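Please read the structure below before turning to the comments.
The values are calculated or read from the model by the stated rules, or taken from the named source; none is laboratory data. Owing to the predicted nature of the structure, the values given are computational and were not obtained by experimental measurement. As a convention, Cβ positions derive from the backbone with ideal geometry for all residues, glycine included, and neighbour counts pool all protein chains shown. For the accessible areas, the whole protein counts, side chains as well, though only heavy atoms, and no ligand, DNA or RNA atoms are used. Shrake-Rupley method; radii C 1.70, N 1.55, O 1.52, S 1.80 Å.
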Amino acid sequence: MMRKKLKLDIVCSVSEFAIIYGRADNEPVIWPSRPETAQLLMSFQSFPDAERSKEMTTQEAYLREKIAMYQELLNKYKRENKNMQMDLLLRQFHQQGKSFENFTRDELCDLLSYLEEKKSELNKRIAYVEGLAQTEGDNQPQVPDQGFIAGHSSTEN
């Protein structure tokens, strides 16, 4: 911890202190020293409350944020794992000739759900590409009718 604080001090030019209480220790460990810590603490307390608390967080809020972040990461890995399982099932069916009768009911339900999800994604992509093509078509110059060539109508002689 002290190494991290020293890096913070050097890299960010930040004045900081630490008061660390140990379970077995009667006295806390104070870094860098008691007088410097007292001076930094008084300097910090001289700021208005709004200024002091604008970047503060509680241990509970910090932990909630970390839990949410790791929960999101876990969900991402679960989705990736599920996709890999479904790809494996499809490969077994397609390349190894595994019959649908050899799949479990749960595997078939998962596979059906996976394929429906992929179909929905493809439909969204198709709609997006068609929308792009239509937008690009709107920006293209109009092609004249075939009966109209170089400013003359085909009905003219």
Beyond 18 Å, the calculated P(r) of the range 48-139 holds a percent of Cα-Cα pairs equal to 70
Rounded to two decimals, the Debye log10 I(q)/I(0) of the range 1-93 (Cα scatterers, no solvent) at q = 0.14, 0.18, 0.24 Å⁻¹ is -0.77, -1.05, -1.25
A 1.4 Å probe over the protein heavy atoms gives the range 1-68 a carbon and sulfur accessible-area percentage of 57
Judged on accessible area alone, 1.4 Å probe, highest first, ASP87, ASP49 line up as ASP49, ASP87
Taking r as the C-beta separation of THR58 and ASP110 and R0 as 41 Å, the FRET efficiency to the nearest 0.05 is 0.50
Given the candidates SER15, TYR77, PHE44, the one whose Cα lies deepest towards the positive end of the charge dipole of the range 1-107, counting +1 at each Lys or Arg C-beta and -1 at each Asp or Glu C-beta, is TYR77
Given 29-42, 120-133, the highest-first ranking by average Cβ count within 10 Å works out to 29-42, 120-133
Residues whose built amide H sits under 5 Å from the amide H of ALA18, excluding neighbours closer than 5 in sequence, are TRP31
Taking a ≥ b ≥ c as the square roots of the Cα gyration tensor eigenvalues, with a/c under 1.5 meaning rounded and otherwise prolate when a/b beats b/c or oblate if not, the range 43-84 comes out prolate
Under the 7 Å Cα-to-Cβ spin-label approximation, LYS66 and GLN92 lie apart by a distance in nanometres of 3.9
Measure of exposure for PHE103: accessible area at 1.4 Å probe, Å² rounded to 10, is 10
Per 5 angstrom bin, beginning at 0 and ending with the bin that holds the maximum distance, the Cα pairs of the range 78-127 fall in percents of 5, 20, 25, 25, 15, 7, 3, 0
FRET efficiency for PHE47 and VAL11 from the Cβ-Cβ distance with R0 = 25 Å, rounded to 0.05, comes out at 0.65
